[in-house]
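Since the structure comes first, as structure tokens, the remarks are kept for the end.
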Amino acid sequence: MGCRVEPVEVHYGELRLRVAIDDQSNSSASTTNFEAITSILEEIAIDPDQRIELVKTSEHADWFVRCTEANELFLVPSAGWSKVPDETYFGPAPIQDRANWLRERLGRISRVKNLLKLCGASEKQSGGILSALVGAKRVCDVKAKLFGISPETEELVAIDWLKRNRKLVDGEQVVLQVTNSGSGSIDFSVLFIDSTFGITPLFPPPGVVADNRLQPGQSYSVGPMEVESSTLGLEHLLVIATTAEGQPPDFSWLAQSSVEVAKRGLGNEPKDSLDSLLHSILFSKGNVRGMRLADAEGTCLRAVSWQTVSE
């Protein structure tokens, strides 16, 4: 019929982190512990700044709160989206501060999950069949590719992800190449997400003025960066690109420490529309499962993911 069809809404899917209690204790205090933990999680679930849902069945859970026979409390990933190694347990929670410990750790895990889900929605939006049929080129679009550095020649070499089973080894040197594949100028930022749910701004460095504006077709190399085994498992480099307008946005407020360590300040409050979108998805419980496409206009997110191994 020759009609052009455009999507009007982006669906991010389920944004709540589903948590179940896995009580392995056989002591007489088991029922009391279960009720106390349930009460804590119910309070977290109704907090408007959290995206946590308490579920009763293990098959529906993303994470477990595990109480052992020694009355220790751990966070344990299920075999779901996170792909954290099975032996990774977070904890134990301090007995006198279990509520705050669970609130902080589950919040960090939830924010990383939803940030990556937002990235997946952005990738589908730009690579959809409708765009291909009409030959549309987005104003804001970006490609991200990771290269290795040859230890002999110090030249960039393509990474054969299939041969390497999507793994990078401790000590390797890599470079992230970011290319503006859209039709307009963009500003971009790069975040590192480690396997223990820490978020670190890499480029531009926090508090440093850097030229992160790319014209159409222009590329920029971030690095070299060294792979470290301080965290092992699934890790990501996340590129956030926005249409270049005025002062480049600062996403350092997204920074958070890994689950095992003390919380770091979140920094600046969100200021522009993309900041508000990210803040709504990551920090508030409002209905953002489906949002108007206009809320995401002029933005593009891309992730490069791998498994970090020690050798």
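Annotations
Conditions (1) among the polar types (S, T, N, Q); (2) out of contact with any strand residue (DSSP E or B) (no Cβ under 7 Å at 6 or more places or on another chain); (3) open to solvent by less than 20 Å² (accessible area, probe 1.4 Å), marked per residue:
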position	(1), (2), (3)
202	no, no, no
217	no, no, no
245	no, yes, no
248	no, no, no
256	yes, no, yes
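- Among residues of segment 204-215, those that are at pLDDT below 90 and open to solvent by less than 10 Å² (accessible area, probe 1.4 Å), counted: 1
Here is a yes/no grid of residues against (1) touching a Gly at 6+ places or on another chain (Cβ under 9 Å); (2) modelled with pLDDT under 90; (3) over 15 Å from residue 227 (Cβ atoms):
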| residue | (1), (2), (3) |
| --- | --- |
| 133 | no, yes, yes |
| 139 | yes, yes, yes |
| 142 | yes, no, yes |
| 145 | no, no, yes |
| 152 | no, yes, yes |
| 160 | no, no, yes |
| 166 | no, no, no |
| 175 | yes, no, no |
| 179 | yes, no, yes |
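- Hey, residue 25 over 30 Å from residue 299 (Cα atoms), modelled with pLDDT under 80, open to solvent by less than 40 Å² (accessible area, probe 1.4 Å) and not β-branched (Val, Ile, Thr) or not: yes
- Some residue of segment 192-205 being part of a loop (DSSP other than H, G, I, E, B), among the polar types (S, T, N, Q) and either within 19 Å of residue 252 (Cα to Cα) or under 15 Å from the mean Cα position of the chain (by Cα) (or both): yes
- Taken over segment 37-59, the criterion of being modelled with pLDDT under 85, open to solvent by 30 Å² or more (accessible area, probe 1.4 Å) and not acidic (Asp, Glu) is satisfied by 48, 56, 57, 58.
- First in segment 111-137 and within 30 Å of residue 63 (Cβ to Cβ), second anywhere and in a loop (DSSP other than H, G, I, E, B) and modelled with pLDDT of 55 or more, Cβ under 8 Å, 6 or more apart: 111/197; 112/197; 113/62; 114/15; 114/51; 117/15
- Residue match in segment 171-183 (condition: open to solvent by less than 60 Å² (accessible area, probe 1.4 Å) and either at positive phi or charged (D, E, K, R) (or both)): yes
- Identity of the residue in segment 1-22, more than 30 Å from residue 300 (Cβ to Cβ) and β-branched (Val, Ile, Thr), that ends up modelled with the lowest pLDDT: 21
- Restricting segment 97-117 to residues that are among the charged types (D, E, K, R) and open to solvent by 10 Å² or more (accessible area, probe 1.4 Å), the residue that is farthest from residue 77 (Cα to Cα): 97
- Residue check, residue 228 more than 15 Å from the chain's Cα centre (by Cα) and modelled with pLDDT under 85: no
The values are calculated or read from the model by the stated rules, or taken from the named source; none is laboratory data. Not measured: the values here are computed from a predicted model. Cβ: placed from backbone, ideal geometry, glycine included. Neighbour counts: every protein chain shown. What goes into the accessible areas is simple: the full protein's heavy atoms, side chains included, and nothing from ligands, DNA or RNA. Shrake-Rupley method; radii C 1.70, N 1.55, O 1.52, S 1.80 Å.
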